[in-house]
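Undergrad: So that we are looking at the same thing, I have put the structure below in structure tokens.
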Amino acid sequence: LDAFRYFLLREMVFGLDSEFSEEALVSRLNADLANDLGNLVSRSLTMVQKYFKGNLPDSGKSHAPDEALKRSALELVDTYGDLMKDLGLHKALMAVWEVIARVNKYIDEMAPWVLAKSDTERLSTVICHIFETLRIVAGLLWPFIPESAEKIQSQLGLPKQGKEVTLQDLRTWGAERPARTMTKAPSLFPRIEKQKEEPSATPMTREKKSSPSKDRDKGPSGEPSLISYEDFQKMDLRIGVIRAAEAIPESKKLIQLTVDIGEERTVVAGLKGHYTEEALIGKEVLLVANLKPATLMGVESRGMVLAATDRSGLHLLVPDTETVAGSRVK
């Protein structure tokens, strides 16, 4: 119910007629709820559990990126309040999602997994800013997706939840700390996979559908066959960030990668000789996320990074600007 409420309130302007389609619903829920919000909650709680055993640390000295995130979150509360008064519900949600995107980018920029190895005090500050931004986001989302917002608040260990939280509580940075250890629950918003259409049983339909494919297969030798847009949509292409890279000793070509797409994936890629392991860490890549897992040199690979080749060698495909890990390529 929360997911459907979100779609209606995000897509439709209050008081005006709007269009609805199943495709738009699935696209919006997967992009906003599963990818942006769901992955943010999941990766944040995972880091708190991994690095601090589920307990929020004390914050250290704030740096410029921390203050910028704090400023964005607090400004959001005032913007949100004004928009809600004017019944600009879809605009209020858009404003919340801008901050969700900002904190996802903040995580990628601050790289807590790197800080965990060298600077615990700095790591504590980053984790505290992520937690506090999530606290504010969850409070602002309660009128729209109450059940899900309360689940987030519960996972964060917050003593005040649901309607107990006021805008004034959210205007005060650090107003609440967890009353208990934070816990990670199953995914709040599982991705929705569109069901494949059943092929028609009528001879005429079968004939019509088979003819184009036969024509496509008759292209010149060596020329790739054409595919339909529907075939292209079956590919789940994501922006990923390489967090770790390790050469597979038994192979002349393969490197084992840990790729962050909102969740961490192990991917085996034939990059040895083209990139060093050190050069790969932190690099953004395009990942085919819905390939069937394959075992290469004893390592299960769950995805494939995309690259181009020319006379000078092999080159990974990367976005032209920094993009939030897990973002879908359309």
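The values are calculated or read from the model by the stated rules, or taken from the named source; none is laboratory data. If you're wondering where the values come from, they're calculated on a predicted model, not measured in any experiment. A quick note on method: Cβ atoms are made from the backbone with ideal geometry, for glycine too, and the neighbour counts reach across all protein chains shown.
Undergrad: Just the residues that are in contact with a strand residue (DSSP E or B) (Cβ under 8 Å, 6 or more places away or on another chain), of a type outside the set (V, I, T) and without any contact (Cβ under 8 Å) to a residue 40 or more places away in the chain, please, taken from the range 316-329.
TA: Within the range 316-329, L317 is the sole residue that qualifies.
Undergrad: From the list L271, L291, L287, exactly one residue is assigned to a loop (DSSP other than H, G, I, E, B), modelled with pLDDT of 85 or more, surrounded by 15 or more Cβ atoms within 10 Å (Cβ to Cβ) and not assigned by the TED database to the domain that holds K105. Which is it?
TA: Within the list L271, L291, L287, the selection yields L271.
Undergrad: Considering only residues that are modelled with pLDDT under 85 and either among the β-branched types (V, I, T) or under 22 Å from A185 (Cα atoms) (or both), which ones fall in the range 2-30?
TA: Answer for the range 2-30, where residues must be modelled with pLDDT under 85 and either among the β-branched types (V, I, T) or under 22 Å from A185 (Cα atoms) (or both): just V13.
Undergrad: Of the residues that make up the range 226-235, is at least one in contact (Cβ under 8 Å) with a residue 24 or more places away in the chain and among the β-branched types (V, I, T)?
TA: Checking the range 226-235: not a single residue is in contact (Cβ under 8 Å) with a residue 24 or more places away in the chain and among the β-branched types (V, I, T).
Undergrad: To continue, here is another question. Could you list, in sequence order, all residues of the range 299-314 that are more than 20 Å from I261 (Cβ to Cβ) and not basic (K, R)?
TA: If the condition is that a residue be more than 20 Å from I261 (Cβ to Cβ) and not basic (K, R), then A308, T309, D310, S312, G313, L314 are the ones that fit.
Undergrad: If you don't mind, there's one more thing I want to ask. Might you check whether a residue that is under 26 Å from Y106 (Cα atoms), within 18 Å of the chain's Cα centre (by Cα) and of a type in the set (K, R) occurs anywhere in the range 21-30?
TA: Yes, the range 21-30 has at least one match.
Undergrad: Please specify each residue of the range 43-62 satisfying the condition of being crowded, with 20+ Cβ neighbours inside 10 Å and of a type in the set (S, T, Y).
TA: S44
Undergrad: Next question. Based on what the data block shows, is E19 in a helix (DSSP H, G or I) and surrounded by fewer than 17 Cβ atoms within 10 Å (Cβ to Cβ)?
TA: No.
Undergrad: Residue check, L8 against (1) touching a Lys or Arg at 6+ places or on another chain (Cβ under 9 Å); (2) within 23 Å of K151 (Cβ to Cβ); (3) part of a helix (DSSP H, G or I); (4) not acidic (D, E), all met but one. Which one?
TA: (1)
Undergrad: Looking at the range 233-257 only, could you name the residues that are over 23 Å from T321 (Cβ atoms) and in a strand (DSSP E or B)?
TA: A244, E246, A247, I255, Q256 - these are the residues of the range 233-257 that are over 23 Å from T321 (Cβ atoms) and in a strand (DSSP E or B).
Undergrad: Here are some residues: D2, D58. Which one is among the acidic types (D, E), over 21 Å from L140 (Cα atoms) and in contact (Cβ under 8 Å) with a residue 60 or more places away in the chain?
TA: The conditions single out D58.
Undergrad: So which of A289, A247, A269, A279 is in contact with a helix residue (DSSP H, G or I) (Cβ under 8 Å, 6 or more places away or on another chain), closer than 30 Å to L40 by Cα and not aromatic (F, W, Y)?
TA: A247
Undergrad: Can you tell which of A101, A64, A73 is modelled with pLDDT of 95 or more, farther than 22 Å from T166 by Cα and either hydroxyl-bearing (S, T, Y) or out of contact with any strand residue (DSSP E or B) (no Cβ under 6 Å at 6 or more places or on another chain) (or both)?
TA: On inspection, the qualifying residue turns out to be A64.
Undergrad: If you don't mind, there's one more thing I want to ask. (1) in a loop (DSSP other than H, G, I, E, B); (2) at pLDDT below 85: which one isn't true of E230, the others all being true?
TA: (1)
Undergrad: Also: Checking W173 against (1) at pLDDT below 90; (2) farther than 23 Å from Y6 by Cα; (3) among the aromatic types (F, W, Y): exactly one of these is not met. Which one?
TA: In the conditions (1) at pLDDT below 90; (2) farther than 23 Å from Y6 by Cα; (3) among the aromatic types (F, W, Y), W173 misses (1) alone.
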